[in-house]
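Some notes on the structure that comes next.
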Amino acid sequence: MARVHRLSTHEIVRISKAWVSEISSEKLTDLSTIQHFFNSSQFGLSAEEIKDTELVLLLLASAHKTGNKQFDDASKGLNLCDFLSSDKGNSVQRVVHYFAKALQQKIARETRTVLSDESESSENNPLCPAEIRMGADPALISCCLQLPCLQAVHFAAIQAVIDSLESAKTVHFIDLGIKTGSHCTILMQALANRQSCAIELLKISGVGITASRQRIEDAGKRLASFAQTLHIPFSFRTAIVANIKDLKVDMFEINDGETVAIFLPGILRFIKAQKGALQSLLRVLRKLNPCVMVIIEAELNHNSPWFIDQFHELLLFYSACYDGVEGCIAQCDPNRITIEACLGQEIRDVVAVKAEERIFKHMKIDEWRDYFIRFGMEEAEISMSSFYQAELLVKSSASGKSCLLVKHGKCLLTGWKGTPIFSLSAWKFQQKYSKKICAEES
């Protein structure tokens, strides 16, 4: 009986990576030699899967040659990848399209040549340029609403904030990734419905860079209007800076009796890329004395000193991301290309750009744990209520069965078909913060 299940992009990448490790990448110089050396029969692949696997093998061979500075051979392979892939093809072809473009840009930079279709982004703001686009682009907002593993981690994050505010009457919610503010409405409804301890005032501070001022102010107006319908006392303020290093404690106007909670949804990877910026931010946040700091980050590490190891890690991670998009958004949806192109920009930033010039610096949860503990922070347990909120959302989604949702120590991981994509963790600053750690971070 013929096999019905079609391999995912992530599975095809794993097969290709395993096969490359068995044979020398020197033998994989073009499609004809790949077809000669690759024994597809042992994997029981369909004709389409064989073509996809050969395409990924060609990409991996080109990456190995790029890492070995065999740029002429690498360029030949990448030209063929470019011809055989497309941003409108199947998921494998889309992944290969963006990785091949990134490798071509890396070669162009290292050989000091200019690609005819290369255009540098004019948006190189030192806080988090992609966050501006994610909050302002309707196509990206629409796509994000269709991704259950992303929605689940945000629902669970807000529940983690709610859990920490059980007895708080005056709440100050500081949001460093407010975008449209839609997630804040969940917090507002929960506080409005609270029976045991009525909310006396909810303050929300939206933090952002100069270019995002109007978007944050618009979000504040929408939230103020929503607060009126809930009949809860509400105030909104902005903390706008040119650079995250410019953030100061007095921008938040913390009053006596306020319970502060801080939300950092997917922005630490931008801030970590700037020298000294994350330490500066954490010192400011520590002085605000928050009851909890809830953090969402991508579950990815591309900080290996070896280019090919970085490339393999990226290819596996983003193949799962593209699988997730394919599983939740119709191929004919015009917004799909927009969000995949945004992922393609992230791929380019790591593959083609020098480490010291990158916009992103991803770390996995275990590395974040080491970093935060060294800074005098203590991890708090993500509650079962947060887990259940995420689980309910995933189960209500048509593609929910493919979503990964697991506890990892005290944190929560969400992803696609067994591959973690996002981590959710909660943190508190320890009261005793040693002078030694302060000196080290300075």
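For F307, are the conditions met, namely being under 28 Å from T53 (Cβ atoms), of a type outside the set (D, E, K, R), modelled with pLDDT of 90 or more and out of contact with any helix residue (DSSP H, G or I) (no Cβ under 7 Å at 6 or more places or on another chain)?
no
Could you list, in sequence order, all residues of region 148-180 that are modelled with pLDDT of 90 or more, open to solvent by 20 Å² or more (accessible area, probe 1.4 Å) and not charged (D, E, K, R)?
Hits for region 148-180 are L150, Q151, H154, F155, Q159, I162, S164, T170.
From the residues in region 299-345 that are among the acidic types (D, E) and out of contact with any strand residue (DSSP E or B) (no Cβ under 8 Å at 6 or more places or on another chain), which one is nearest to S423 (Cα to Cα)?
My answer is E313.
Collect the residues in region 354-374 that are open to solvent by less than 40 Å² (accessible area, probe 1.4 Å), more than 14 Å from P420 (Cβ to Cβ) and at pLDDT 90 or above, keeping them in residue-number order.
Those that are open to solvent by less than 40 Å² (accessible area, probe 1.4 Å), more than 14 Å from P420 (Cβ to Cβ) and at pLDDT 90 or above: R369, Y371, F372.
Out of curiosity, is A242 in contact with a strand residue (DSSP E or B) (Cβ under 7 Å, 6 or more places away or on another chain), modelled with pLDDT of 95 or more and surrounded by fewer than 17 Cβ atoms within 10 Å (Cβ to Cβ)?
Criteria not met by A242.
With the requirement that a residue be in contact (Cβ under 8 Å) with a residue 60 or more places away in the chain and either open to solvent by 20 Å² or more (accessible area, probe 1.4 Å) or in a loop (DSSP other than H, G, I, E, B) (or both), what does region 51-79 give you?
Those that are in contact (Cβ under 8 Å) with a residue 60 or more places away in the chain and either open to solvent by 20 Å² or more (accessible area, probe 1.4 Å) or in a loop (DSSP other than H, G, I, E, B) (or both): H64, G67.
Among the numbered criteria (1) under 23 Å from K101 (Cβ atoms); (2) of a type outside the set (F, W, Y); (3) open to solvent by 30 Å² or more (accessible area, probe 1.4 Å), which one does G257 miss?
(1)
Take the residues in region 186-216 that are open to solvent by 50 Å² or more (accessible area, probe 1.4 Å) and in a helix (DSSP H, G or I); name whichever of them is farthest from A242 (Cα to Cα).
This residue is Q189.
Filtering region 351-381 down to residues that are in contact with a helix residue (DSSP H, G or I) (Cβ under 6 Å, 6 or more places away or on another chain) and hydrophobic (A, V, I, L, M, F, W, C), which residue is farthest from W306 (Cα to Cα)?
The extreme case among them is F375.
Specify which of the listed residues (F83, F99) is part of a helix (DSSP H, G or I), open to solvent by 50 Å² or more (accessible area, probe 1.4 Å) and either modelled with pLDDT of 75 or more or farther than 30 Å from E54 by Cα (or both).
After applying the criteria, what remains is F83.
Restricting attention to region 27-65, which residues are at pLDDT 65 or above, among the polar types (S, T, N, Q) and farther than 20 Å from L103 by Cα?
Scanning region 27-65 gives a single hit, S46.
Suppose the filter is under 19 Å from F375 (Cβ atoms), aromatic (F, W, Y) and either open to solvent by 20 Å² or more (accessible area, probe 1.4 Å) or assigned to a helix (DSSP H, G or I) (or both); does F270 pass it?
yes
Given the condition open to solvent by less than 20 Å² (accessible area, probe 1.4 Å), in contact with a helix residue (DSSP H, G or I) (Cβ under 7 Å, 6 or more places away or on another chain) and in a loop (DSSP other than H, G, I, E, B), answer yes or no: does some residue in region 277-292 qualify?
yes
Please verify whether region 253-267 includes one or more residues that are out of contact with any strand residue (DSSP E or B) (no Cβ under 8 Å at 6 or more places or on another chain) and closer than 28 Å to H408 by Cα.
yes
Please go through region 296-346 and give me each residue that is in contact with a Pro (Cβ under 8 Å, 6 or more places away or on another chain) and open to solvent by less than 10 Å² (accessible area, probe 1.4 Å), ordered by number.
Result: I296, single match.
Could you list all residues from region 364-412 that are in contact with a strand residue (DSSP E or B) (Cβ under 8 Å, 6 or more places away or on another chain), of a type in the set (A, V, I, L, M, F, W, C) and over 15 Å from A426 (Cβ atoms)?
If the condition is that a residue be in contact with a strand residue (DSSP E or B) (Cβ under 8 Å, 6 or more places away or on another chain), of a type in the set (A, V, I, L, M, F, W, C) and over 15 Å from A426 (Cβ atoms), then V394, C403, L404, L405, V406 are the ones that fit.
The values are calculated or read from the model by the stated rules, or taken from the named source; none is laboratory data. Bear in mind that the values here come from a model prediction, so they are computed numbers and not experimental data. Cβ: placed from backbone, ideal geometry, glycine included. Neighbour counts: every protein chain shown. For accessibility, only protein heavy atoms count, side chains too; no ligands or nucleic acids. Shrake-Rupley method; radii C 1.70, N 1.55, O 1.52, S 1.80 Å.
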